[in-house]
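The next block holds one structure in the form of structure tokens; read it before the comments.
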Amino acid sequence: MSLPAVSRPKTRRVLPGRPAWLSPRVLRTETLSGLVVALALIPEAVSFSIIAGVDPRIGLFASFTMAVTIAVTGGRPAMISAATGAIALVLAPLVRDHGVEYLLAAVVVGGILQVLLAVAGVARLMRFLPRSVMVGFVNALAVLIFLAQLPYLIDVPWPVYPLLAAGLVVMIGLPRLTKAVPAPLVAIVVLTTFTVAAGIAVPTVGDEGELPSSLPVLGVPSVPLTLETLTIITPYALAMALVGLMESLMTAKLVDDITDTHSDKTRESWGQGIANIVTGFFGGMGGCAMIGQTMINVKSGARTRASTFLAGVFLLVLVVALGEIVARIPMAALVGVMIMVAAGTFDWHSIRPRTLRRMPRSETAVMLSTVAVTVATHNLAIGVIVGVLVAMVLFARRVAHLVTVDSVLDPDGSTKIYHVTGQLFFASSNDLVFQFDYAGDPPNVIIDLSDAHIWDASSVAALDAITTKYESRGTTVTIIGMNSDSRQRHNTLAGTLTGSH
């Protein structure tokens, strides 16, 4: 998969056993990256709080506790976890019907479920994601990031547009001159200083909602400890757990590809669970990996857990201690940062005419279906599930046509041998029954499966049907050449799949 090029910071040699982030050069990069991410987290956390129907402080506290906890427990260094829109959408109906305390309880239970799913090995399911689904996931993500910025560009004062243009120029041009300081951070500082000094009235971070003035407090959700409560919150907690894990594991895989490194997906799974448990007890709305902020972090050169931890710390310091300053940051600056992230995230190679001409239509269909469903539902999990289902259907359809049946008649005319080649499963075995000449065949028929494999009960049922048709005409059927796996499956199921036996 073609992914955006990422500048890799030069690191000094460190002593054996010494953490990489202790290198001054690396620590500077991690610190600056964490600061940029923290600034980008603030308006998103506030927006997601509004989606969930809760106070902005709940979203901001969630972003702090998620980032700080996952920095320790997570399996993918440099990945950012915080309050997300997907989790907000899942939990919004629960808040509307039962209140905030039930949301906090659902976050805790959702975290527990994520830990259990991690122990059950859910991370291993990532190997079944086709490349075309991954490309669709990345492209849909870029589209959603861009679309999320449009509300900040519609029906706003005209100075927003030149400010946005200036921010984009800084972020595109500065890296060509120097990479000592992240370009997004420079753009944010320059635009904020200019708008404040010139007294330009444009939408700011402070317009998105009231920032907290105190630290989050540890507590237990105030809900009745009854079976009825568990019945209410469990469906939402399970949905949150599945959506959160899917987005987090997909994002981890994307970062793996960009950085050419491997991450522990199982640790990331239970790490997400622990982070959500902690978040629920500290009054946060829960969350998962954030692709946009993760891309900002990685593109700024961050590669260790320090950037994730510092992003959470900086976020809390910014909104609690420096809230008045942060509130003056123009939204145009942050919108510019996210537009650059969207452009860098999109896999432009995947939509080039040359690529589309060479790519099998089925692969393109899977990619486009993933993008279309994700953009339509604004839910990456649903888009990925649909993409996988489309890939499975198209794969089954393609493989079903690879089964062939050839026949040869013995010289004496008493025996006919059918040679079956291919993978026998529910899609391919349906037509197998019609490949035999029941009325015209001699008294003895041999079905050779040396170059075939039986995968499911549908294939065994098809072989049973063939045998039954021949036996009703007095023909003796012998099946030979089955490998050990096919033989075991056939011996177990043969004669038990229809009511006639």
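The values are calculated or read from the model by the stated rules, or taken from the named source; none is laboratory data. These numbers were taken from a predicted model, which means no experiment stands behind them. Every residue, glycine among them, receives a Cβ derived from its backbone with ideal geometry; neighbour counts consider all protein chains shown. We work out accessible area using only protein heavy atoms, side chains counted, and drop any ligands, DNA or RNA first. Shrake-Rupley method; radii C 1.70, N 1.55, O 1.52, S 1.80 Å.
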Quiz item: Looking at residue 317, is it of a type outside the set (D, E, K, R), open to solvent by 20 Å² or more (accessible area, probe 1.4 Å) and within 30 Å of residue 207 (Cβ to Cβ)?
Solution: yes
Quiz item: What pairs come up if the first residue lies in the range 95-114 and is farther than 10 Å from residue 234 by Cα, the second is open to solvent by 30 Å² or more (accessible area, probe 1.4 Å) and assigned to a helix (DSSP H, G or I), and their beta carbons are under 6 Å apart, counting only those six or more places apart or on different chains?
Solution: 108/277; 111/277
Exercise. Take the range 315-334 and flag every residue that is among the hydrophobic types (A, V, I, L, M, F, W, C) and more than 18 Å from residue 56 (Cβ to Cβ).
Key: 332, 333
Quiz item: Would you pick out the residues in the range 389-423 that are in contact with a Phe, Trp or Tyr (Cβ under 8 Å, 6 or more places away or on another chain) and at pLDDT 90 or above?
Solution: 405, 406, 407, 418
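Residue-wise test of (1) at pLDDT below 85; (2) open to solvent by less than 30 Å² (accessible area, probe 1.4 Å).
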site	(1), (2)
125	yes, no
129	yes, no
133	no, yes
136	no, yes
152	no, no
160	no, yes
163	no, yes
Quiz item: Pick from the range 444-456 the residues that are under 15 Å from residue 407 (Cβ atoms) and open to solvent by 30 Å² or more (accessible area, probe 1.4 Å): which of them is nearest to the chain's Cα centre (by Cα)?
Solution: 451
Practice problem: May I ask you to list the residues in the range 305-314 that are open to solvent by 10 Å² or more (accessible area, probe 1.4 Å) and within 14 Å of residue 61 (Cβ to Cβ)? | Solution: 313
Practice problem: Scan the range 475-501 for residues that are surrounded by fewer than 12 Cβ atoms within 10 Å (Cβ to Cβ), at pLDDT below 90 and either part of a strand (DSSP E or B) or small (Gly, Ala, Ser) (or both) and jot them down. | Solution: 499, 500
Quiz item: Taking the range 320-367, which residues are more than 30 Å from residue 214 (Cβ to Cβ), of a type in the set (Gly, Ala, Ser) and open to solvent by 10 Å² or more (accessible area, probe 1.4 Å)?
Solution: 343, 344, 350, 362, 365
Quiz item: When you scan the range 371-408, how many residues do you find that are outside any helix (DSSP H, G or I) and small (Gly, Ala, Ser)?
Solution: 1
